[in-house]
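Single-structure report; data block below.
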Number of protein chains: 2
Amino acid sequence: MADDKVARRARGGTGRTRLAEVAQLAQVSTATVSRVFNTPTKVSAEVQARVREAAAALHWIPNAAGRALASRRSHIAGVIIPTLDNEIFARQVSGMQAIFAENGFTLLIGCSNYDPAEGLAQVQAMLAQGIEVLAMVGENYPPQTFDLLRQRSLPYVLTYGYRHDSPHPCIGFDNRAAFRQLADYVLSLGHRRIAAIFQPMDANDRVAARLDGLRDGLAAAGVTLRAADLHIGPSNMDFGAESLRRIMAGKTRPTAIICGNDNLALGAVGAALDLGIAIPHDLSITGFDDLAIVSRIAPRLTTMRVDNLEIGRLAGEMLIGAAGGRGMLHSIELRADLCMRATTSPPRSAARAPAAARDSDNANDHQARNQQPHAGIRPQRVQHDLQEDKKQRRTP
Amino acid sequence: MADDKVARRARGGTGRTRLAEVAQLAQVSTATVSRVFNTPTKVSAEVQARVREAAAALHWIPNAAGRALASRRSHIAGVIIPTLDNEIFARQVSGMQAIFAENGFTLLIGCSNYDPAEGLAQVQAMLAQGIEVLAMVGENYPPQTFDLLRQRSLPYVLTYGYRHDSPHPCIGFDNRAAFRQLADYVLSLGHRRIAAIFQPMDANDRVAARLDGLRDGLAAAGVTLRAADLHIGPSNMDFGAESLRRIMAGKTRPTAIICGNDNLALGAVGAALDLGIAIPHDLSITGFDDLAIVSRIAPRLTTMRVDNLEIGRLAGEMLIGAAGGRGMLHSIELRADLCMRATTSPPRSAARAPAAARDSDNANDHQARNQQPHAGIRPQRVQHDLQEDKKQRRTP
DNA sequence: CTGAAAGCGCTTACAG
DNA sequence: CTGAAAGCGCTTACAG
């Protein structure tokens, strides 16, 4: 902090070669150089060649700040995720990054660490950097966040979660419906005493929706989730294990445990095995996410899968379109697929599961697919235009 | 592409509020507004308050492009990793991002997908965006990449891998030494017939170094790795499993398999268990990385751990320093810790392992630590100044 | 198809 | 401590 009063404003700025030098070497105006790289159709082939040669010779890389200032386009996109320490979010970013890179956009990444305020701070920093578009996981951000975005009419999309009645364009799946499906499946196996291990719901709309879906399903079958059977804590294997031990230490044990995600389920399965509890015969356990590992270690976990790479790609494509003035923002609902594997079965005590009472064909369908996971099935998309007013159809 | 010839150059530019408007409202010059936010000590408290109030009232967010252009500082950092679909790189980015955010930097992220050319392309895009500093995983990039960086004297650091004689500042661990250690450990258990499953080495200096380290160790013990016992393929569980089956189908089975990373090892362990091979008694298997999962599922994997979060943080801190003109780039060597767990033991056939022949205290040390992994042990750092000439000591 | 010139929104040496 | 003004490196409406 002491000695950086070196005379910074040296003649010539950064020292990097500038467009003007390329122009000079190519013997054209700066406007022409700019056109060669931005609207090449407006420049004769001859001049173009000369300019490109000069640019190459000088190793010119355009200065994005100058470009952004003059064109009001930064070619920067932003993405906010809770954390990179989670395969599912990392995959989303991965898919998005690829699409953005293909389209000449660079990607700023910010992590909220599940803290809405941190999320807002990241959004502000990104706005200052001049992002053109923004993707953010979930909708748990201070309201001010969306005011900022609207105020600048900055195209944004929320990912991962999807709610029919969300005021925002979102690309993801319906957490509530997914857990309803999971609950229905477990009930269809014949389970009636069911416990749950969930991650914290505060500042996480998705988890709350999952629990709602679970309760919907149970309620429809006349089953209630007792308070003592709902364990909420850190989203990791250790808490899953700890919760399982506590649950199984109770007097009346459940025959199934529905976990809020795969990490919790993985911990629960491990702890159960350690206790000598047979999975799935003594106890069924389900997860959510279909992390890469869970279908590859024994016992293979019953869970639900969402294509996060695809979510990232779809978000990237939609935002690229929006940035170009083409295309409009809309919501896309992806399906969460039930993956029936080795950690669920009818309860040992139960008679044959009352499968007839439920439509199990859907589950069979999923099971069949499970055999060859990449059989070219694309996620089902349900589209809802949020900006019907814009009516920018290609074909009029 | 058709209809975006709307008259873009509307008077007033972006529509965002500008610094000049803040100045007007606060009744000061633009210079003063700028100073309030950049060098507040130069402005009286009274004026400062007025300016801040005006800025808040107008919801002014400074335009980074204008700022960057005028100041020649973008406050953007870049990081290049092979892929986000890998816990270890995601963690590095995570640690780095936190440090950069704390220091007012935003982070551009690029993935090379293990392709040097893609890495270079990302670097170029980032240079265009005006990154001030850059972190990149490994050193497999076209030479031109480093020319570009040097040409602009852009501070950069290579992460994950560390080589004593690298021409670049790097923060990481010595892959060769780590695998030498691993080999020594396995040999110390008494194994003499050892196979290996590795990821591809092309365009991946780190993997090549690992194999070298393994060979060093084996050679020192007079053991050779037969060509038929070295399986190289995709870095995933499936290849690990497939390789294991092929290895164990041979006439003379090895008693230990050293894998290039945890994913391969996880696949091998699973396949071995499926074949009814007792781990570790019939076969010892080792991994590398200590992914979160491997110490939490049975059988707990013997592997080596490197603190990737810390690598990210250290890289972030060093680069922030370099960007500020303070501090210089240097290399930091972190230690890779051997985690002795349940997938290794002396071979069943062997007499007591010839432990006396090797220094096993080191291993014991690690085993003890293993019990409480977070016992506050900081990575050992070995520092090498690469830019001795700069001699910017604080205390002269 | 090409050029001269204004302007994007900031910062900062210079002068007071 | 404060202001007037030049300038950072581009793009683009305008004129030809």
Inset, instruction - For A:Thr41, put the label point 7 Å out on the Cα→Cβ axis and report which residues of the stretch A:47-73 keep their amide N under 19 Å from it. - result: A:47-49
Inset, instruction - Would you order A:Lys42, A:Lys251 from fewest to most other beta-carbon atoms within 10 Å of each residue's own beta-carbon? - result: A:Lys251, A:Lys42
Inset, instruction - Place the label 7 angstrom along Cα→C-beta at A:Gly104 and in each other copy, then list the distances from the first to the rest in nm, shortest first. - result: 3.2
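Taking the Cα centre as origin and putting +1 on Lys and Arg beta-carbons and -1 on Asp and Glu beta-carbons, what dipole magnitude results for the stretch A:259-313, to the nearest 20 debye?
So the dipole magnitude of the stretch A:259-313 works out to roughly 120 debye.
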Inset, instruction - Select from B:Leu154, B:Cys170, B:Met96 the residue farthest towards the positive end of the dipole of the stretch B:76-173; place +1 on Cβ of Lys and Arg, -1 on Cβ of Asp and Glu, and compute about the Cα centre. - result: B:Leu154
Inset, instruction - Run through the DSSP bridge list for the stretch B:76-173 and note the antiparallel percent, rounded to the nearest 5. - result: 0 percent
Legend entry - Label point 7 Å beyond Cα of B:Ala342 along Cβ direction - residues of the stretch A:254-284 with amide nitrogen under 17 Å: A:266-279
Legend entry - Computed FRET value (nearest 0.05) for A:Ala121 with A:Arg192, which takes r as the C-beta separation and R₀ as 30 Å: 0.05
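Given a Förster distance of 45 angstrom, what is the FRET efficiency for B:His281 paired with A:His164, based on the Cβ-Cβ distance and rounded to 0.05?
Efficiency, from the Cβ-Cβ distance: 0.20.
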Legend entry - Contact order relative to length of the stretch A:162-297, as percent, for alpha carbon pairs under 8 angstrom and 6 or more apart: 24 percent
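With r defined as the distance between the Cβ atoms of B:Arg152 and A:Ala20 and R0 fixed at 25 Å, what FRET efficiency is calculated, to the nearest 0.05?
Efficiency computed from Cβ-Cβ geometry: 0.90.
What size of dipole, in debye to the nearest 20, comes out for the stretch B:76-173 about its Cα centre when the only charges are +1 on Lys and Arg C-beta atoms and -1 on Asp and Glu C-beta atoms?
On the way: 4 positive and 9 negative charges, 39 e Å.
I would put it at about 180 debye.
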Inset, instruction - Between copies, how far apart are the A:Asp274 label points? List them in nm, one decimal, shortest first, with each point 7 Å from Cα toward Cβ, please? - result: 2.7
Legend entry - Residues B:Ile247, B:Ile76 arranged by fewest to most Cβ contacts within 10 Å: B:Ile247, B:Ile76
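Would you mind classifying the stretch B:55-188 by shape? Square roots of the alpha carbon gyration tensor eigenvalues, ordered a ≥ b ≥ c; an a/c under 1.5 is rounded, otherwise it is prolate if a/b is larger than b/c and oblate if not.
Cα axes put the stretch B:55-188 in the prolate bin.
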Legend entry - Fewest-first sequence of B:Leu187, B:Leu301, B:Leu154 by Cβ atoms within 10 Å of each Cβ: B:Leu154, B:Leu187, B:Leu301
Inset, instruction - Would you kindly work out, in nm and rounded to one decimal, the distances from the label point of B:Asp202 to those of the same position in each other copy, ordered shortest first, with label points 7 Å along Cα-to-Cβ? - result: 5.3
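All of the numbers you see were taken from the coordinates with simple rules; none came from a lab. This one's a predicted model, so the numbers in the text were calculated from it and none came from an experiment. No Cβ is skipped: glycine too gets one built from the backbone with ideal geometry, and neighbour counts run over all protein chains shown.
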